[in-house]
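Have a look at the structure below, then the notes.
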Amino acid sequence: MTRLSSIHPGAWWLFGAGAILGLTGVANPLVDLLAIAVLLVVVLRHTRGALSRTPFATSLRIGVFLLVARVVFAVLFGARTGGTVLVNLPQLPLPSFFAGVSIGGPITSELLLQALCQGLALATVLACFGACSTLAPPGTLLGSLPKAVYELGLSVAIALAFLPELVASAQALKAARRLRGRPTKGIAGLRGTVVPILEGALERSVTLAASMDARGFGLSTGTPTSQHLGSVAAGAGTVFLGIGIAGLLNGGTLLFWSGLSVFFGSSLLATAVSKRSRQLRRTTFDHRPFTRRSIVVGVSGVTCGLLLLEAGRLKPGLMSSPVGRGWPTLSPLVVAALAVLLIGGWSGPEAVE
Amino acid sequence: MIEFLETSVHYEGAKHSVFAPASFTLDAGALHLVVGPTGAGKTTLLGLMNGHVPHFTGGRVDGDVRVRGRSIRDFRPRDFADLVGVVRQNPRAGFVADTVEHEIAYAMENLGFSRAAMHERVGHLLEQLDLGELRLRKLQTLSGGQAQRVAIAAALSASPSVLVLDEPTSGLDPEAAASVVAILEDLVAHHDVTVIVSEHRLERIIGNASSVVVVEGGMVSQGNPQHAMAEASVIPPIVELGRALDWSPLPLTVAVARPYADELKLTLAPRRPLPRRTSAEAPIAVLDQATVSFGASNALLNIDVEVRPREVTALVGHNGAGKSTFLGLLCGLVSTSSGRVLVGGVDPLSLDPLALVRRVGLIPQDPGLLLYSSSVERELTEADRDGGLEPGTTAAWFSQFQPTVEGSRHPRDLSEGQRLCLALAIVMASSPPLLLLDEPTCGLDNHAKEHLGVVLGELAERGTAIVLASHDVEFIATVADRVIELDRGVLVSAWPARSRPTSRMTFTSQMQELLGSPEWLTAKEVIDAVRGTS
């Protein structure tokens, strides 16, 4: 059994968030493949080569699936542009209001390459998420959350943990159906499986809630009234914040009022959260200080993201798919960005037994 | 420590309160045993001790319950977290964290312990419950016995003075159960913890109890163990024997009954118990050098077994010995890595579901997995349709097993025993010549167990071959004609039930232990023999 490195889990998520910032929408296959390679090296170092069965491996698998799905969809429904025709599929005539959509038709090499590049862009972002969850499992983040948000975070963590259990109970049910002489495949097999699984999940959540209750979950010094007030304040704060952000994004004439709404909403939310945090008695078992190495890891991710954005701004078209424009290229800035990511990720101490 | 003051509980929608107003006191620093049939209200009684009832479950509580002066009227379960630790049935479902150490620390985190105090306490508990090596393990990789010990450690983490456990040994093999009981004994003796345990298999724990609370027929009464066992309807075999033979004082454990053993052996010397069934018919199922591997490890290794009609075979062994895999092979849920499995001459894996259920039936550990419908009646008619059977076939089987259950009830609301019989009826409706049961007595009280024993005996008489995997030594003693012992995937022994060597103490019944001979298995046999001689 290995403990993951003593890097603060928040640092790893910052590392990943930075990478995602820079890599979102990047359809240049050279950049994408290099980034995945960097993540692979970092994950391998910190898991001591035990790659299979990590979330990173799963994310790569899902990435490949998305890539294939993207290509299949392009072949079947993609917009028909000019180019080198590889195969000519029979085309289904569609009514005129389906403009821009076609089923079948000529398949060009450009169409396939375009789909491949876009699929790869998606897979790269997914790999960033996979790397984060491998390097700092979401559960470990819990201890670092503000006390008041902890309760929310815990429910998310538990929901995630239930997924594998749902798969297990689905398998048990499938076995039971076979033992009753019922079909196990197809729609008929699916019907009558879903309800018992959900019932089981519900029962387990009630048991879990009882277990948490008996062990002091949510124990606070606040009176019920002050707790209710806190919830109302947090709710109202979220609503104001949402309205304000929507207004800001929309631009237009209400800029002042939107700004005010954002300010008011976020202050309300912050007050509610800090008040609740002071009411909760909670302490945490793990001690994970934000060490210098953690800072290096976090900063490297963010720096990489910013450098990638800057590289894209300096050379328009660099980050989009090169289809129809020859071979994909790199710029020195891109190489530097990925080097920063690699060095930062590598710098964390190795996993310890 | 815990006072019940005219306490009764009334759930919404129920006609009657769970039990009549009860008043008693559970003393500090002792082990109190709660016994009674399933559905009588044991879990409700335990739930009252930290305010789980009524704060979590709803319902109305009349009277009061006080734990060290704190009333459940004013305190919620979370307010009892520093005083009462709770371990519920199925500990895994209550796990919150992902690793052993975090699970143990969870209650302390909520109560605001300092980090240093938490680390000290976690280290201490890991040592006390012999969990040291498992500190960083993921909770889902634990065995049943380990999970139960972690749940106990987690409940003890905030140093409560009271520990409440709901059937803590029900899923465990005899050895793991014994280690849990030893832990409870140690807590009471050396750590000043008041322990309250509910349990069906009294023989495992009655010797450690200083008082017994009986919940039965809507009444709650408390008394000393001797007194309670002299009157209770749910009793271990040694007490059944002692009561029948008028031993006084009534022994509660085999160790205490030893002085009576020599005289009893003399009385029994000229007698023999009725022979168990033996079958000379051609085997209905054959395992031929069967090996099952999961990755690098063998779940079963080179198993040779023949199963014959009219015979009840019991599989015993520790958790993880390969019993469930053995059953899975026979019903086509698990495939062999090498060797052969034949059921009725064919490989069960090759059969489609409908052909399979006509050859072999399996009752899983949770019989509810076989039930889907919203009422017993619909379950029975759907089973006829699934199996392509004459309408009414399944209902006829069910009324043999359980003549009095209303058809309109939801399967979920049946007792464990009734639900097991419903699953049994559904499986037997297709008349499979081979019936498999996985831990059938896990949630059953003694009455339901006795009933199941009779039902299985009748099925065997009529020609069904039965294989059951069980930890329940006394149940096996009642029903089994042959006992197969597995240890880490290897078949260690296969003996007729009456001639198994008793050297391996973990899988012997109380009568075998008392008389030091494998021949006498159940209290009933011994009592009948003694009465026959006098």
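Computed per residue of chain A from DSSP H runs no shorter than four, each worth -39500 (n - 2.57), the mean residue ellipticity at 222 nm is -23000 deg cm²/dmol.
Placing unit charges on the Cβ atoms of the charged side chains and taking the dipole of chain B about its Cα centre, the candidate lying farthest along the positive direction among B:227, B:301, B:383 is B:301. Rolling a 1.4 Å probe over the protein heavy atoms leaves residue A:103 with an accessible area of roughly 50 Å².
Counting, for every residue in A:168-180, the Cβ atoms of other protein chains within 10 Å of its Cβ and taking the mean gives 6. Ranking A:47, B:365, A:120 by how far each Cα lies toward the positive end of the dipole of the protein assembly as shown (charges on Cβ) leaves A:120 at the top.
Which chymotrypsin sites (Phe, Trp or Tyr not before Pro) does the range B:20-121 hold that lie in a coil by DSSP with at most 11 other beta carbons within 10 Å?
Working: sites: B:24, B:56, B:75, B:80, B:95, B:106, B:113; in loops: B:56, B:75, B:95, B:113.
Answer in residue order: no site qualifies.
Ranking B:52, B:227 by solvent-accessible area of protein heavy atoms (1.4 Å probe, all protein chains present), from largest to smallest, gives B:227, B:52. Diagonalising the gyration tensor over the Cα atoms of the protein assembly as shown and scaling each eigenvalue by 5 before taking the square root yields semi-axes of 57, 37, 26 Å, largest first. When B:15, B:323 are compared by accessible area at a 1.4 angstrom probe, the order from most to least is B:15, B:323. Mean per-residue shielding of peptide A:200-208 is 3, counting Cβ atoms of other chains within 10 Å of each Cβ. With contacts taken as Cα pairs under 8 Å and at least 6 residues apart, chain B reaches a relative contact order of 14 percent. Taking all Cα pairs closer than 8 Å and separated by 6 or more residues, the relative contact order of the range B:2-242 comes to 27 percent.
Counting heavy atoms of the protein chains alone, residue B:508 has an accessible area of about 10 Å² for a 1.4 Å probe. Normalising the Debye intensity of the range B:367-430 to I(0), with uniform scatterers on Cα atoms only, and taking log10 at q = 0.13, 0.18, 0.24, 0.28 Å⁻¹ returns -0.26, -0.51, -0.95, -1.34.
Note on chain A: along the principal axes its Cα atoms extend 72, 64, 57 Å, ordered by decreasing extent. Note on residue B:373 and residue A:194: their simple-model spin labels are 2.2 nm apart, each label 7 Å out from Cα toward Cβ. Pairwise inverse Cα distances across chain B, averaged and inverted, put the Kirkwood hydrodynamic radius at 24.9 Å.
How high is the FRET efficiency from residue A:245 to residue B:462, r the C-beta distance, R0 60 Å, rounded to 0.05? Please list the in-between numbers first.
Working: r = 74 Å, r/R0 = 1.23.
FRET efficiency, residue A:245 to residue B:462: 0.25.
Roughly how big is chain B's charge dipole about its Cα centre, with Cβ charges of +1 (Lys, Arg) and -1 (Asp, Glu), in debye to the nearest 20?
Numbers: 46 positive and 64 negative charges, 68 e Å.
Roughly 320 debye, rounded to the nearest 20.
Among bridges DSSP assigns within chain B, what percent are antiparallel (round to 5)?
Numbers: 38 of 72 bridges.
If I count the DSSP bridges inside chain B, around 55 percent turn out antiparallel.
When peptides B:383-389, A:19-25 are ranked by their average number of other Cβ atoms within 10 Å per residue, the highest-first order is A:19-25, B:383-389. Just the protein heavy atoms count here, and of the accessible area of the protein assembly as shown at 1.4 Å, carbon and sulfur take up 61 percent. Buried surface between chains A and B: roughly 4500 Å² of accessible area, summed over both sides, computed with a 1.4 Å probe on protein heavy atoms only.
Determine the order of B:216, B:458, B:167 by accessible area, beginning with the largest, at a probe radius of 1.4 Å. Spell out each step's value before the answer.
Numbers: B:216 60, B:458 90, B:167 20 Å².
Putting B:216, B:458, B:167 in descending order of accessible area: B:458, B:216, B:167.
In chain B, helices alone account for a calculated mean residue ellipticity at 222 nm of -10000 deg cm²/dmol, with every DSSP H run of four or more residues adding -39,500 (n - 2.57).
Using a cutoff of 8 angstrom between alpha carbon atoms and counting only pairs six or more residues apart, the relative contact order for chain A works out to 32 percent.
Distance between the 7 Å Cα→Cβ label points at residue B:338 and residue B:350: 2.1 nm. The solvent-accessible area of residue B:82, taken with every protein chain present and a 1.4 Å probe, is close to 70 Å². For the range B:192-321, the convex hull drawn through the C-alpha positions has a volume of 246 cubic angstrom per residue. Per residue of peptide B:366-372, the mean number of Cβ atoms on other chains within 10 Å of the residue Cβ is 5. Measure nothing but the geometry: give the 0 to 90° angle between the long axis through the Cα atoms of A:55-77 and the longest principal axis through the Cα atoms of chain A, rounded to 10°. Its long axis makes an angle of about 40 degrees. Taking a straight line from the alpha carbon of residue A:315, these aspartates and glutamates sit under 19 Å away, with near neighbours fewer than eight places off in the same chain left out: A:32. Looking at the range B:207-361, the accessible area is 46 square angstrom per residue; that uses a 1.4 Å probe and ignores ligands, DNA and RNA. For the pair residue A:314 and residue A:37, a Förster radius of 25 Å applied to the C-beta separation gives a FRET efficiency near 0.60, rounded to the nearest 0.05.
Antiparallel DSSP bridges in the range B:2-242: what percent, to the nearest 5?
Working: 19 of 36 bridges.
Once the DSSP bridges in the range B:2-242 are tallied, antiparallel ones form about 55 percent.
Report, for the protein assembly as shown, the % of DSSP beta bridges that are antiparallel, rounded to 5.
For the protein assembly as shown, the DSSP antiparallel bridge percentage is about 55.
What residue among B:198, B:341, B:237 has its Cα farthest toward the positive end of the dipole of the protein assembly as shown, where the charges are +1 on Lys, Arg and -1 on Asp, Glu, each on the Cβ? Highest projection toward the positive end goes to B:341.
Averaged per residue, chain A has 53 square angstrom of accessible surface, using a 1.4 angstrom probe with ligands and nucleic acids left out. Against the longest alpha carbon principal axis of chain A, how many degrees, from 0 to 90 and to the nearest 10, is the axis of helix A:292-314 turned? The answer is roughly 30 degrees. As I understand it, the value is the acute angle between the Cα axis of helix A:9-23 and the longest principal axis of the Cα atoms of chain A; what does it come to in degrees, rounded to 10? Its long axis makes an angle of about 30 degrees.
The values are calculated or read from the model by the stated rules, or taken from the named source; none is laboratory data. Small disclaimer: the values here were computed from a predicted structure and weren't measured. For neighbour counting, all protein chains shown are included, and Cβ atoms are generated from backbone atoms with ideal geometry for every residue, glycine included. Note: areas computed on protein heavy atoms with side chains; ligands, DNA, RNA excluded. Shrake-Rupley method; radii C 1.70, N 1.55, O 1.52, S 1.80 Å.
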